[in-house]
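First comes the structure, then the notes that go with it.
The values are calculated or read from the model by the stated rules, or taken from the named source; none is laboratory data. Source: prediction; values computed, not measured. Positions of Cβ are generated from backbone atoms using ideal geometry, with glycine treated the same way; all protein chains shown enter the neighbour counts. What goes into the accessible areas is simple: the full protein's heavy atoms, side chains included, and nothing from ligands, DNA or RNA. Shrake-Rupley method; radii C 1.70, N 1.55, O 1.52, S 1.80 Å.
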Amino acid sequence: PSSDETDGVPKFSASWSITDQNMVYAHYSEGFRPGGTNRGRGIPFFPTQYDADKLENFEIGTKNTFANGRVRFNATYFDMDWNDYQLEVVDPSSRTCGNDNAPPAPACGQPWQKVVANVGNANSTGLEVQMDWVATDRLTLGVNGTWLDAELKEDVPDLGVAAGSRLPLSPEFKGAMYAQYNWDVDWFGANQAWMRLQWSYTGDMLNQVEPLTIDDGPAPQILQPSYNIGDLIFGVDHTNWNLQLFINNLTDERAVLFANPYEFDYFFGRSRVTVNRPREIGIRWIQRFGG
């Protein structure tokens with residue numbers, strides 16, 4: 001089968017510099033993901049082909065500097081609508097014919113499979129804030145955070161998903177902070193050393209939108225726990241080179257980046273998850289050549 005879609009994706013923006021240090025802006029844009037074709041088995045409930053989904057994004061924000069440039073503050077509020085949202089879902093045709101939740105024959109009692117489908121409309125609104133502060137000539141501090149509300153706007157009864165359900169891989173909050181201290185040195189021609197501690201937090205999130213349990217099949221919905229990642233870096237700067245000693249993932253956190261529901265591991269009493277890199281201790285050398 002073949003398909004053809006034609007559409008336009010406009011983009012508009014406007015900004016106003018209130019002063020040399022303060023600016024506000026507004027932005028509207030649209031985007032899309034192309035449709036495609038599923039490699040289905042049997043007689044699936046959802047169509048073999050799925051259409052493009054479209055994103056409408058509106059945001060307003062401000063960029064500012066204060067205290068003679070020692071403080072930088074940026075903030076953005078965004079509101080994004082997804083139309084005909086594409087999701088990879090367990091096709092309900094695998095439900096036993098006659099089951100109250102099964103689709104009508106012949107799209108029931110079919111082989112278990114995951115497909116991409118246009119399941120409806122979704123919305124994501126949020127606020128992003130960033131601040132950097134040069135506290136002293138040697139100490140710089142920074143913090144940023146994102147608050148996110150990403151959910152389906154309407155029921156998807158074929159999947160048993162209600163309006164207001166959280167979209168997958170969408171933490172309600174994530175943020176980071178850092179502190180960096182610089183001081184003068186005279187080491188092998190280097191003139192500055194610095195130490196930087198940075199820390200990030202990511203809130204819990206779902207691996208998929210369908211509220212399935214292990215009793216419903218091999219692809220259960222899993223709440224991935226929140227996690228913290230911290231790094232410590234010591235650096236020495238020379239005109240021609242830079243030396244860094246680093247410890248990434250200070251606490252050796254095992255963060256669940258993605259609990260994979262696409263294989264049959266859960267069906268056999270196992271699980272498959274993608275985690276972050278373990279603690280790393282290393283040395284990094286950067287050499288500059290030329291003028």
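Residues in the stretch 101-131 that are part of a strand (DSSP E or B) and either open to solvent by less than 20 Å² (accessible area, probe 1.4 Å) or of a type in the set (A, V, I, L, M) (or both): V115, V116, A117, A122, S124, G126, L127, V129, M131.
Being at pLDDT 95 or above, loosely packed, with under 15 Cβ neighbours inside 10 Å and either of a type in the set (D, E, K, R) or farther than 25 Å from Q113 by Cβ (or both) is the requirement here; does I233 meet it? Working first, answer last.
Working: at pLDDT 95 or above: yes; loosely packed, with under 15 Cβ neighbours inside 10 Å: no; either of a type in the set (D, E, K, R) or farther than 25 Å from Q113 by Cβ (or both): yes.
So I233 fails the test.
With the condition kept exactly as written, say whether any residue in the stretch 264-287 is small (G, A, S) and within 24 Å of G145 (Cβ to Cβ). No, that holds for no residue. Note on the stretch 259-291: residues that are more than 18 Å from Q113 (Cα to Cα), of a type outside the set (A, V, I, L, M) and open to solvent by 80 Å² or more (accessible area, probe 1.4 Å) total 8. For F45, the criteria (1) assigned to a loop (DSSP other than H, G, I, E, B); (2) farther than 30 Å from V90 by Cα hold in every case but one, which is (2). Scan the stretch 140-168 for residues that are open to solvent by 50 Å² or more (accessible area, probe 1.4 Å) and either over 30 Å from D100 (Cα atoms) or in a strand (DSSP E or B) (or both) and the total you get is 7.
Of all the listed residues (P34, P47), the sole one being touching a residue at least 60 places away in the same chain (Cβ under 8 Å) and either of a type in the set (A, V, I, L, M, F, W, C) or closer than 16 Å to D84 by Cβ (or both) is P47. Looking only at residues in the stretch 245-256 that are open to solvent by less than 70 Å² (accessible area, probe 1.4 Å) and either in contact with a strand residue (DSSP E or B) (Cβ under 7 Å, 6 or more places away or on another chain) or assigned to a strand (DSSP E or B) (or both), the one that is farthest from N228 (Cα to Cα) is F246.
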